[in-house]
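First up is the structure itself, then whatever we jot down about it.
The values are calculated or read from the model by the stated rules, or taken from the named source; none is laboratory data. Here the structure is a predicted model, which means the values were calculated and not measured. Backbone-built Cβ (ideal geometry, glycine too); neighbour counts: all protein chains shown. Surface areas here come from the heavy atoms of the whole protein model, side chains and all, with no ligands, DNA or RNA. Shrake-Rupley method; radii C 1.70, N 1.55, O 1.52, S 1.80 Å.
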Amino acid sequence: VFPGDTLKNVDLGYSEKNAYVISNGFELEKFKYNEMSRNINRKALQLSDDDFVYITVGRWNVQKDYHTLFKALEILAKADHSFKLIMVGTDLDYSNSELLEIAEKHDVSEKLILLGMRTDIPELLATSDAYISSSLGESFSNAIGEAMACEIPCVVTDVGDSKIIIGNTGLVAPSQDEEKLAARMLEMKQRTDIKKLGKKARERIESNYNIKEVVIDYENK
């Protein structure tokens with residue numbers, strides 16, 4: 001059961017007193033910030049010190065609502081052009097003609113770094129400055145928790161448990177609202193305490209979503 005599902009289950013007739021929420025957990029030894037990986041990858045991807053790097057990890061799917069994300073990037077580029085967006089996951093690569101057409105339509109092609117499927121997610125997360133989830137639907141997003149574990153603060157849409165996961169360590173926008181999403185992305189970029197916020201995100205994962213504690217919780221129930 002995900003935290004956000006509890007009320008829905010009660011509405012369907014389940015007894016709230018018999019419900020107990022056990023959240024997903026994250027491997028904190030695997031997902032953690034690595035300064036060396038950041039420096040190596042930023043150099044390999046030809047990112048300058050002035051580039052603010054957003055990242056999103058997922059797949060090319062309507063639920064991820066990349067259409068709204070690209071609209072938000074177009075708005076953001078008019079306000080502050082010194083950023084890049086790394087996209088990682090299935091079909092998030094240069095062979096995806098639909099993706100490329102939408103990016104060109106919104107004049108953000110030069111802002112994208114499309115890496116497709118990768119196995120070095122923790123290292124790529126360390127390369128970035130903020131994580132973006134533009135989804136119009138989620139349950140419990142592992143990608144958000146993994147980013148937070150790597151000390152990357154998140155901008156998320158208010159769907160599923162995304163808002164619950166980040167707590168007060170990130171920013172939230174309504175789903176399918178490119179104006180608000182762009183505003184939150186710009187707000188994150190302009191924060192002077194973003195590294196501190198990232199550490200706070202890591203601490204939240206350590207306190208609430210450590211896989212070792214989740215396993216113990218599960219075994220005790």
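Pairing each residue of region 94-117 that is within 16 Å of Q46 (Cα to Cα) with any residue that is among the acidic types (D, E), provided the two are 6+ apart or on different chains, yields C-beta distances under 8 Å for L114/D93; L115/D93. Of all residues in region 134-155, exactly one satisfies the criterion of being part of a strand (DSSP E or B) and either of a type in the set (V, I, T) or open to solvent by 10 Å² or more (accessible area, probe 1.4 Å) (or both), namely V155.
Look at region 66-84: where a residue is β-branched (V, I, T) and a partner is open to solvent by less than 60 Å² (accessible area, probe 1.4 Å) and part of a helix (DSSP H, G or I), sitting 6+ places away or on another chain with Cβ atoms under 8 Å, you get T68/E178; T68/L181; I75/E178; I75/A182. Taking residues in region 187-201 that are buried (at least 17 other Cβ atoms within 10 Å of the Cβ), and partners anywhere that are among the basic types (K, R), the pairs with Cβ atoms closer than 8 Å and at least 6 places apart or on different chains are L197/R191.
Can you tell me which residue in region 56-87 is surrounded by the most Cβ atoms within 10 Å (Cβ to Cβ), limited to those that are of a type in the set (D, E, K, R) and assigned to a loop (DSSP other than H, G, I, E, B)? Give the steps one after another, and end with the answer.
We begin by selecting, within region 56-87, every residue of a type in the set (D, E, K, R); these are 59, 64-65, 71, 74, 78, 80, 84.
Narrowing further to those that are assigned to a loop (DSSP other than H, G, I, E, B): 65, 80.
Numbers: D65: 22, D80: 13.
Taking the candidates together, the pick is D65.
Between T90, T127, the distinction of being more than 11 Å from the chain's Cα centre (by Cα), among the hydroxyl-bearing types (S, T, Y) and open to solvent by less than 10 Å² (accessible area, probe 1.4 Å) belongs to T127 only.
For region 105-112, state whether one or more residues are open to solvent by less than 60 Å² (accessible area, probe 1.4 Å), part of a helix (DSSP H, G or I) and of a type in the set (S, T, N, Q). Walk me through how you get there before you give the answer.
Step one: filter region 105-112 for residues open to solvent by less than 60 Å² (accessible area, probe 1.4 Å), giving 106, 108-109, 111-112.
Of the ones still in play, those that are also part of a helix (DSSP H, G or I) are 109, 111.
Next cut, of a type in the set (S, T, N, Q) only: 109.
There is at least one residue in region 105-112 that is open to solvent by less than 60 Å² (accessible area, probe 1.4 Å), part of a helix (DSSP H, G or I) and of a type in the set (S, T, N, Q).
Among the residues of region 169-187, the ones that are farther than 12 Å from A72 by Cβ and of a type in the set (S, T, N, Q) come to 1 in all.
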